[in-house]
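Below is one structure, written out as structure tokens, with a few remarks after it.
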Amino acid sequence: MRVVNDRRRLPRVAWNGQAVVQTRRGEVRGVGLDLSADGMAVLAPSPGKVKERVRIHLQLGDFPLLTDAR
């Protein structure tokens, strides 16, 4: 995995995987671009709202991950 160098507080690792983001408005399927211990980037067909609470489902190798975020 390639580390993404930018100005973020923690380094991000490039990641290409499916992500399902659940919001109060419904479910959005997207592609994960990178992730770190405190964040991730997801390319999705519709934008999210700033600071909106979401639930994210993704798969890291053989490990399913479910997390709440904003």
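Accessible surface for the stretch 17-70, divided over its residues, is 74 Å² per residue with a 1.4 Å probe.
Computing log10 I(q)/I(0) by the Debye sum over Cα atoms at q = 0.22, 0.23, 0.26 Å⁻¹ directly from the structure and comparing it against [x] -0.93, -0.97, -1.10; [y] -0.87, -0.96, -1.27; [z] -1.02, -1.10, -1.32 singles out [z].
For the chain, the carbon plus sulfur part of the accessible surface works out to 53%, probe radius 1.4 Å.
Ordering of 25-36, 55-66 by packing is 25-36, 55-66, highest average first (other Cβ atoms within 10 Å, averaged per residue). Report note on the peptides 41-52, 10-21: ranked by the mean count of other C-beta atoms within 10 Å, highest first, their order is 10-21, 41-52. Mean sequence separation of contacting Cα pairs (under 8 Å, at least six apart), scaled by the length of the chain, corresponds to a relative contact order of 25 percent. Note on the chain: dipole from Cβ charges, positive end direction compared against 19, 57, 69; the farthest Cα belongs to 69. Treating r as the C-beta distance of residue 16 and residue 68 and R0 as 30 Å, the FRET efficiency rounds to 0.85.
The values are calculated or read from the model by the stated rules, or taken from the named source; none is laboratory data. Computed from a predicted structure; not experimentally measured. Neighbour counts are summed over all protein chains in view; Cβ atoms, including those assigned to glycine, are modelled from backbone coordinates with ideal geometry. Only protein heavy atoms, including side chains, enter the accessible area calculation; ligands, DNA and RNA are left aside. Shrake-Rupley method; radii C 1.70, N 1.55, O 1.52, S 1.80 Å.
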